[in-house]
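I have placed the structure first, in the form of structure tokens, so that the comments after it can refer back to it.
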Amino acid sequence: MFKPITAVSLLLLSVSTALFAAEPPKTAVISVDATHPGASISPSMFGIFFEDINFGADGGLYPELVKNRSFEFSEALTGWHEVLSYELPKGIDPPKGELDIRTDSPLNATNPHYLRAHATAPGYAFYNVGYRGMGVTSGAGYRFSAYIRSKGPKSLRATLTDPSGKVIGTGKLEGFMGSGWTRYETVITPTATVPDARLTLYVDDIGDLDMDMVSLFPVDTWKNRPNGLRKDLVQLLYDMHPGFVRFPGGCIVEGRQLITRYRWKTTVGDISERKTIINRWNDEFDYRPAPDYFQSFGLGFYEYFQLAEDLGAKPLPILNCGMACQFNSSETAALGQLDEYVQDALDLIDFANGPVTSPWGKLRAQMGHPAPFHLEMLGVGNEQWGPRYVERYKIFAAALKSKHPEIKLVVAAGPAPSGEPFESMWKTWREQHADLVDEHYYMSPDWFLTNTQRYDHYDRNGPKVFAGEYAAQSAGQANQDNHNNWQTAIAEAAFMTGLERNGDVVRMASYAPLLANKNAWQWKPDAIWFDNLHAYGTPDYYVQKVFANNTGTRVVPITPLASDGLFTSAVLDERTHELIVKAINNTASERPAEIRLQGIAPSGNATVTTLASPDLKLENTFEQPTALAPESSTLDVKSSTVEVHLRPYSLTVYRIAVR
Ligand code: AHR
């Protein structure tokens, strides 16, 4: 029965808490029994989930600085503006001209719009604002390029300016000739570092100048690739050593309607021929409208496979199964219309793995990668559920399994981790002998803490689990007030000990979403935050990193699993001959502990990685990007009883060398 809390009971409570706190904390005994190591586990189980949400691709990982470079946004001049008289110093008239969006004789059929600048006086000028400004670094090179078709003008001048209008870089495209489209480029080197520069273009002669694919792109990309990825962001991903990369999402796979679903074939080949479409997060949330959110697909499936390879991670593409998002239009392709979708899946396998003599393998080779990308798994649908889904899955599975039995298929279990439709989807997947079931949990920190033993009793012989999207939500699912703080991160860490201990059932796990642009986000929380010049990992990122950097090949029995705020897991890394023990102390007190090793002989030392803060509200920020970050130390391990002190609110990983 509910009893109101009175002042007296509060007093008694605080007295007893004070007495209790005065007692020396008891030594926790952590027993690790390696006499009979458990099941084999996947050393690539902790991976990443990438989705173009929160301006994660254009304006993020894909570092094009010009917004709407191809004039294909629904409002074709989005991002572009004429220089108006009030923007010029007093007394100077704006140069005369007009901006005209045209579709006659375009650059190509998938990029039908282009810009015609009609200059009626020399020096006609217009500018692009970038993705919430353009971040440029002093002394770094930026490749300014465009496809040009000139009917008179001989050159196109460009300036980079800071917000005060000061010119910090110049460049010029010139020597225009012929009547067709030709690509021109030059490199601009700014003299200042500015997060919000703008690119202004000047037509120096009277006449019409047609332009498309107007681009300003850093030369210094990850691995210095043209059309490459943003270096600091890839570095953060690289440092995680993720086991796999899920791509391209997320709901973006489905589209709000089928017409805007993710179609991988429109994201490969020459970038000028990739079809720009609206991003489904553009108008998803009334409270965070993003009318300028489109997908250029400059980061498409080729760049994705290349990224996974660079990170040493397995690719895990998720494909549309003939269903738009069930939260939005819930549109479904009729079974008779499904061939195209199934063919897309078969062709993607060819694009990734096929010989260079196959049509799609040939394109991969032409794009620069004759060797296969070693695709081993494919997701059929994202977060779907219900009989319509099962019907479509069966058609996909029949086609894929007969032609590519080597490819494991990932299926969805709906949007939530329990109840309906989760239960009925699992029943179906057991009957269908599905390979991997994708579970999603966007739940409270408490849910994570109370579900650390969720998988202890899962059927060892049933379908395997892919914990495909999860993140502790401090205020509520996708709530604007959510935080990425130590409280959410330590709860995820505790939960991940349960994933690891059950690594024979849970084959893969990924936090979601991965990236968020500080000035253009839709969804919180996220693992990594960035602006136009900087990026930092949240405490949740560091938990992912610590787990992914400390995977093993075999589970080792450990106790206690989850008791009094202490959560543990142990794995053996047979590659390096180390026993890896993870311990989470989710209490405010330091916990003395003894790690008692059985059935295994330590060979002298251990490395220790600790993430700890007594302040559960601690967050990393642009000003203090590593307020919470892993600390490293070493420990002498002279006997099979290792005495340690678990810091208040801490995740500690002991890598103990063993004989
Ligand atoms: O991670 C954000 C979204 O959450 C994903 O796009 C979707 O799959 C889930 O609902």
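The values are calculated or read from the model by the stated rules, or taken from the named source; none is laboratory data. Note that this is a predicted model, so its numbers are computed, not measured. Here the Cβ is made from the backbone with ideal geometry for all residues, glycine too, and neighbour counts use every protein chain on show. To get the accessible areas, we keep the full protein, side chains included, count just its heavy atoms, and leave off ligands, DNA and RNA. Shrake-Rupley method; radii C 1.70, N 1.55, O 1.52, S 1.80 Å.
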Would you mind finding the longest exposed-site-free stretch of the chain, with exposed GluC sites (Glu not before Pro) meaning DSSP loop and at most 12 other Cβ atoms within 10 Å?
76-405
Tell me which of PRO37, GLY503, GLY139 sits at the most positive position along the dipole axis of the chain, charges placed on C-beta atoms (Lys, Arg +1; Asp, Glu -1).
PRO37
Among GLY300, ALA601, ALA399, which residue has its Cα positioned farthest towards the positive end of the charge dipole of the chain, with +1 placed on the Cβ of Lys and Arg, -1 on the Cβ of Asp and Glu, and the dipole taken about the Cα centre?
ALA601
Cα pairs beyond 43 Å in the chain, in percent, come to 31 percent
In terms of the charge dipole of the range 80-218, which places +1 on Lys and Arg and -1 on Asp and Glu at the beta carbon, the residue among PRO163, GLY180, TYR127 farthest towards the positive end is PRO163
For the range 80-218, with all protein chains present and a 1.4 Å probe, just round the carbon and sulfur fraction of the accessible area to a whole percent.
53 percent
Return the FRET efficiency for the residue pair ARG288, SER402: r is the Cβ-Cβ distance, R0 is 45 Å, and the value is rounded to the nearest 0.05.
0.55
Please give the contour-minus-distance gain from THR186 to ASP310: 0.36 nm per residue of separation, less the Cα-Cα distance, rounded to one decimal in nm.
41.8 nm
Per the C-alpha gyration tensor (a ≥ b ≥ c, the square roots of its eigenvalues), the range 80-218 is rounded if a/c is under 1.5, else prolate if a/b beats b/c, else oblate; here it's oblate
Accessible surface of the range 555-659 [probe 1.4 Å, protein heavy atoms]: carbon and sulfur percent
48 percent
Let a ≥ b ≥ c be the square roots of the eigenvalues of the Cα gyration tensor of the range 56-155; is it rounded (a/c under 1.5), or, if not, prolate (a/b larger than b/c) or oblate?
oblate
Using θ = phi - 60° and Karplus 6.51 cos²θ - 1.76 cosθ + 1.60, couplings along the range 149-166 (whole Hz; Gly, Pro as x):
9, 9, 10, x, x, 9, 8, 10, 8, 10, 10, 9, 10, 8, x, 7, x, 6
Just reorder HIS113, HIS404 by solvent-accessible area, largest first, 1.4 Å probe, all chains present.
HIS113, HIS404
Taking the Cα centre of the chain as origin, work out the dipole magnitude from +1 charges on Lys and Arg Cβ and -1 charges on Asp and Glu Cβ, in debye rounded to 20.
780 debye
Extension gain from SER639 to ASP456, taking 0.36 nm per residue of separation minus the Cα-Cα distance
62.8 nm
Accessible area expressed per residue, the chain, with surrounding protein chains retained (probe 1.4 Å, Å²):
40 Å²
For the range 589-659 and the range 393-464, what is the centre-to-centre distance using only Cα atoms, to the nearest Å?
33 Å
Can you work out the Karplus-derived ³J(HN,Hα) for every residue in the range 262-270? Use 6.51 cos²θ - 1.76 cosθ + 1.60 with θ = phi - 60°, whole Hz, and x for glycine or proline.
7, 10, 4, 5, 8, 10, 10, x, 4
If packing is taken as the average count of other Cβ atoms within 10 Å, what order do 557-570, 197-210 fall into, highest mean first?
197-210, 557-570
Cα-centred dipole magnitude for the range 80-218, charges only on beta-carbon of K, R (+1) and D, E (-1), debye, nearest 20
240 debye
Compute the signed sum of charges (Lys and Arg +1, Asp and Glu -1) over the other residues within less than 9 Å, Cβ to Cβ, of ASP573.
+1
Rg/Rh ratio calculated on Cα atoms of the range 573-659 (Kirkwood radius):
1.04
Kindly provide the helix-only [θ] at 222 nm of the chain, computed as the sum of -39,500 (n - 2.57) over DSSP H runs of four or more divided by all residues, to the nearest 500 deg cm²/dmol?
-5500 deg cm²/dmol
Cut-off under 29 Å on the C-alpha distance; same-chain residues fewer than 8 positions from LYS524 excluded. Which lysines are left, in chain and number order?
LYS67, LYS231, LYS275, LYS314, LYS464, LYS545, LYS582, LYS617
Apply the Karplus curve 6.51 cos²θ - 1.76 cosθ + 1.60, θ = phi - 60°, to the phi angles in the range 121-131 and return the couplings in whole Hz, x for Gly and Pro.
8, x, x, 4, 10, 8, 9, 10, 8, x, 8
By how many nm would the segment from THR120 to PHE327 grow when fully extended, if each residue of separation counts as 0.36 nm and the alpha-carbon distance is taken off?
69.4 nm
Once Lys and Arg are counted +1 and Asp and Glu -1 for all other residues with Cβ under 15 Å from that of ILE53, the total becomes -4
Here the FRET efficiency for GLN366 versus THR27, based on Cβ atoms and R0 = 51 Å and rounded to 0.05, is 0.20
Taking all protein chains as present, what is the carbon and sulfur share of the accessible area of the range 249-393, in % to the nearest whole number, probe 1.4 Å?
54 percent
Could you pull out the trypsin sites (Lys or Arg not before Pro) across the range 500-603 that fall in loop regions by DSSP (anything but H, G, I, E, B) with no more than 13 other Cβ atoms inside 10 Å?
ARG575
As a test of reading the structure, rank CYS321, CYS251 by solvent-accessible area (1.4 Å probe, protein chains only), most first.
CYS251, CYS321
Which order do HIS645, HIS81, HIS440 take when ranked by solvent-accessible area (1.4 Å probe, heavy atoms of all protein chains), largest first?
HIS645, HIS81, HIS440
Pairwise label distance in nanometres, PHE622 with SER40, each label 7 Å out on the Cα-Cβ vector:
4.8 nm
